[in-house]
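Have a look at the structure below before the remarks.
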Amino acid sequence: MAFGETLWMLILYMTIFIHSLLFAWGAYYRLTRTHLPRGMNCRALVLLGDFSLGYVMILVRLVEKLGICHRYSIMRSMGRLTPLMKDSDLIIKDLVFDGVPVRVFWPRTLAGNRKGIIFIHPGVGLFGSVRVSERACCSFAKQSDSVVVSVEFRLAPEHPYPVPVLDCLTAVIHFLKNAKEYGVDPNCIAIVGESSGGTYAAAICQELVTREDLPRMRAQVLIYPFLQGMDFNLPSHQQNHSVPPLFRKRAVILGLTYLTGKTMNVDGVLKGAHVPPDLREKYQKWISADYIPEEFKARGYVPVEPAPFSEELYEQVKRGNETMFCPLVAEDDIIRQLPETFILTCEYDVLRDDGLLYKKRLEDNGVPVTYHHLPDGLHGILGLVGLGPLEFPSTQKCMQHVVEFLKCL
């Protein structure tokens, strides 16, 4: 056998061997750190999805360690492999709203001024894109007969907080001012946010309540949103701390990377050492397990005392107290001016209780709330819409609840 062939065979065998080791280690790592609560449906699909994600993350970290590329850049590149949507029922165009790229979806059927939807994609401000979220946007546009604007905001860690949410705010203001140019009734525009997109949607609605020069937002739709960074020991954090895909520690690591632009040790934040005593006392009236209905504590909630306050840690993450990052702590005079709201939560989601607490705050201040809870749902289910056998039963339930709300606006 020629030397060249021998070399290539050696490389091939080494590649297979390395992948086998990574595969075996990845399987062990995921299975020993993943906990699926009893009664959870589609367990095999959850484990398969979690293992696939975990295996990809191992390879991504390996490439990063070799100095080839940053992990978030790799994950974004993988997102660009998502096929572009072609739908004969829609006109899809890429535009720019005051410097912010957007993708707009118009139903082809003739109509007067339609409802408008501004969609803000998930990804913790670190990854995600309009391309990855196209399937959901197409479904919203067709099923609710609305014009959908999906925002392509800049991402951290290159552009940390508040750049991504300010990009979204810029695009929203442009759309509100120029809605008629896009065939939209300016008085019938809703903002829809999934996960961290729900954070941005809530923050933007709060920013706009004092803007008398703009049409009023008709509604906000918050799909399993992140809304507070004060307490990571609420019942849903404890119950779902190791439920894929959003483990409690992973959520905090990603959230603080978005906030600070760097990776940091999150142990102190998980224990609550980042919150000054005076702020903890102030926010106790809004962020507390006492306001979570008892049926949501059934899976073994145990109250946890926060760790002693760390001034050093607080200085690193203190911007996380701002309402644009943490909408749940906005003052009552802002909350009571918010538009009609839709909130969806999932039982097996570490962020479930953020939605429950915001629901209570809104209702206490007289804001109409439509609330849906998916007992078999977990974080990220909407992102699987249109993927056939990879969808969870709760994926279509999530889409149906959102569409029914939007159609009634």
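The values are calculated or read from the model by the stated rules, or taken from the named source; none is laboratory data. Note that this is a predicted model, so its numbers are computed, not measured. Please note: Cβ atoms are built from the backbone with ideal geometry, for glycine as well, and neighbour counts cover all protein chains shown.
Restricted to region 280-298, and to residues that are at pLDDT 95 or above and aliphatic (A, V, I, L, M), which residue is nearest to residue 228 (Cα to Cα)? Checked region 280-298; the qualifying residue nearest to residue 228 (Cα to Cα) is 287. Counted as qualifying within region 79-156 are the strands (runs of 3 or more DSSP E) with 3 or more residues that are touching a helix residue (DSSP H, G or I) at 6+ places or on another chain (Cβ under 7 Å), namely 100-107, 114-120, 146-151.
Just checking, does region 272-295 include any residue being aliphatic (A, V, I, L, M), surrounded by fewer than 19 Cβ atoms within 10 Å (Cβ to Cβ) and assigned to a loop (DSSP other than H, G, I, E, B)? Yes, region 272-295 has at least one match. Checking region 375-389 against the condition returns a match, with at least one residue being assigned to a helix (DSSP H, G or I) and either among the aromatic types (Phe, Trp, Tyr) or closer than 21 Å to residue 296 by Cα (or both). Do we find a residue being in contact with a Cys (Cβ under 8 Å, 6 or more places away or on another chain) and surrounded by 15 or more Cβ atoms within 10 Å (Cβ to Cβ) anywhere in region 308-316? Scanning region 308-316 turns up no residue that is in contact with a Cys (Cβ under 8 Å, 6 or more places away or on another chain) and surrounded by 15 or more Cβ atoms within 10 Å (Cβ to Cβ).
Restricting region 93-119 to residues that are surrounded by fewer than 20 Cβ atoms within 10 Å (Cβ to Cβ) and of a type in the set (Gly, Ala, Ser) leaves a set whose member that is nearest to the chain's Cα centre (by Cα) is 99. Of the residues making up region 206-235, those that are under 16 Å from the mean Cα position of the chain (by Cα) and either farther than 18 Å from residue 306 by Cα or hydroxyl-bearing (Ser, Thr, Tyr) (or both) are 220, 221, 222, 223, 224, 225, 226, 227. Residues in region 209-262 that are outside any helix (DSSP H, G or I) and out of contact with any helix residue (DSSP H, G or I) (no Cβ under 9 Å at 6 or more places or on another chain): 212, 218, 261.
When the residues of region 380-409 are filtered to those that are among the small types (Gly, Ala, Ser) and either under 13 Å from residue 346 (Cβ atoms) or buried (at least 17 other Cβ atoms within 10 Å of the Cβ) (or both), which remaining residue is farthest from the chain's Cα centre (by Cα)?
Here the residue is 394.
Residue check: is residue 273 in contact (Cβ under 8 Å) with a residue 40 or more places away in the chain and either basic (Lys, Arg) or over 16 Å from residue 347 (Cα atoms) (or both)? Considered against the rule, which asks whether it is in contact (Cβ under 8 Å) with a residue 40 or more places away in the chain and either basic (Lys, Arg) or over 16 Å from residue 347 (Cα atoms) (or both), residue 273 comes out as yes. A residue that is surrounded by fewer than 19 Cβ atoms within 10 Å (Cβ to Cβ), of a type in the set (D, E, K, R) and within 27 Å of residue 38 (Cα to Cα) occurs nowhere in region 331-344.
Of all residues in region 296-313, those being part of a loop (DSSP other than H, G, I, E, B) and under 25 Å from the mean Cα position of the chain (by Cα) number 2. Could you look through region 251-266, keep only residues that are surrounded by 12 or more Cβ atoms within 10 Å (Cβ to Cβ) and not aliphatic (A, V, I, L, M), and pick out the one that is nearest to residue 352 (Cα to Cα)? Per the stated criteria, the residue is 255.
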